[in-house]
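Scroll down for the structure; my scribbles are underneath it.
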Amino acid sequence: MDRRNKVISRRGVLLAGGASIALTAMAQPTQAGITRKMSAGPEAPGKRAELAEQAIVQRHVRTLWGQSGMRLGALVWPSSLLDQSFVRWCYWWQAHLLDCAVDAAYRTRTPERIDRVVALARGILTRNLTGWTNRYYDDMSWLVLALERADRLLGVRFGAAIGDLRAALIEGWNPIVGAVPWRSGDDFYNTPAIGPTGIAMARLGELPRARQLADFLYTRLRDTDSGLILDGVHEPGARVDRTVHTYSQGVTIGLETELAVRTGESSHRSRVAALVAATADRLTDAGVIAAASGNDSGLFMGILARYLAEAALALGDTTAANIVHASARAAWENRAEVDGLPLFGPDWARAVAVPEAPGTLPPLTHSSAASSANLSRDLSVQLSGWMLLEADYQLTAAGR
């Protein structure tokens, strides 16, 4: 099942049909500030991550409903007043925005960055309307991972949030299948839910459950020919969706890395090495992570980069580190700049094209209409770029 289609049908998050949205005075880029293509530049990895952070903060992060202590990310840029009102809701994108904000605060701790982490978490809680939880186990696992990192790395805690999310994930466990489904009441047991739930279970001390989820992915969803992890399986019936996403490799690498570190069992280390090698062989081009598109899939590349970096840092996997570094170089070299800040495309291996002059940015769409220019309006695509550059910085800072 294509997660890109799921987001439109399940929550109405994105506009269908490639409809463009009028620019607001706040969001419109200046004509003089648009640059067609930039060279690699002398910036160090930390500076590149900082510029990616600034781009999203300036273009996407907005106050929620006039509440100064609450913020969220507008789903598109340039954005309309409707976008900035957060009528449309995409929980898991906001969870990744929060996780990237944690990355930035951990890279260089400042009061402003800590305040942003707090404001984003409060914004998610308020806009979600039902507390910290919802029906989707992938969504909740991403948020609990971001909140756990905020606690562990920054000392920023949000009351019962982690406990509430942990309880919801455990409540969703199907003991007959031995996994959590995509959402409450669903028969689809997919890697996008099982992988991050397993990582969360490992970090929250539920190692037996984390092991069971890792074994489920390895025995039920691993393609023995390619060595890659498939999308999911419907139970009962064992009908497998054989779609392969970069996202699925990333969360599986992340889960096996957690178990390798926490249990010391060589089998998990071996699984990481094999999956990283298969990913390098089949899901990269000249070492650069394969392109996705917009919508939900815009996050897939960044998620893979995050957990490749985890494997490189925790297990010393040089192939994983090389993929992150190659992808970061490509994404930076192929970026465009708007008002001095980077704009990334869904394909890190191709240049992002913007008009030379006159005029401003063309109408960017959620369809394939902008594919030739490698353009996207989606927050998800820009978050992937930011996540990648934070991962590249972490590896460089650690000498990997």
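The values are calculated or read from the model by the stated rules, or taken from the named source; none is laboratory data. From a predicted model like this one, the values you see are computed outputs, not experimental measurements. Cβ: placed from backbone, ideal geometry, glycine included. Neighbour counts: every protein chain shown. All accessible areas refer to the heavy atoms of the entire protein, side chains included, with ligands and DNA or RNA removed. Shrake-Rupley method; radii C 1.70, N 1.55, O 1.52, S 1.80 Å.
Given the chain, report the % of alpha carbon pairs whose separation exceeds 32 Å. The proportion of pairs with Cα distances above 32 Å equals 29 percent.
Per residue, the accessible area of region 89-183 comes to 35 Å² when a 1.4 Å probe rolls over the protein heavy atoms.
Here region 204-348 exposes an accessible surface that is 46 percent carbon and sulfur, computed with a 1.4 Å probe and the other protein chains kept in place.
Cβ-Cβ distance of D339 and A398, R₀ of 41 Å, FRET efficiency by 1/(1 + (r/R0)^6): the value works out to about 0.80. Round to the nearest 10 and report in Å² the accessible area of S297, as given by a 1.4 Å probe over the protein chains' heavy atoms. The accessible area of S297 comes to roughly 10 Å². Note on A274 and S184: the model spin-label points, each 7 Å out from Cα along the C-beta direction, lie 3.7 nm apart. Only protein heavy atoms count here; on that basis, with a 1.4 Å probe, E333 has an accessible area of about 80 Å².
Comparing mean-square fluctuations of R239, R350, R271 from a GNM of the chain with C-alpha springs under 10 Å, the top value falls on R239. Stretched out straight at 0.36 nm per residue, the stretch from D151 to R350 would grow longer than its current Cα-Cα span by 67.9 nm.
When the alpha carbon gyration tensor of region 131-218 is reduced to an equivalent ellipsoid, the three semi-axes, largest first, read 21, 14, 10 Å. Ordered from highest to lowest accessible area with the whole protein assembly present and a 1.4 Å probe, H245, H268 read as H245, H268. Segment T224..T243, full-extension length gain: 5.4 nm, with 0.36 nm per residue of separation and the alpha-carbon distance subtracted. Stretched out straight at 0.36 nm per residue, the stretch from K47 to D281 would grow longer than its current Cα-Cα span by 81.2 nm. Its Kirkwood hydrodynamic radius, worked out from the mean inverse distance over all distinct Cα pairs, puts region 37-117 at 13.8 Å. Test of understanding: in a Gaussian network model of the chain with alpha carbons linked when under 10 Å, which of G205, G73, G294 would top the mean-square fluctuation ranking? Highest fluctuation of the listed residues: G205.
Centre-to-centre, using Cα atoms only, region 187-211 and region 337-353 are separated by 34 Å.
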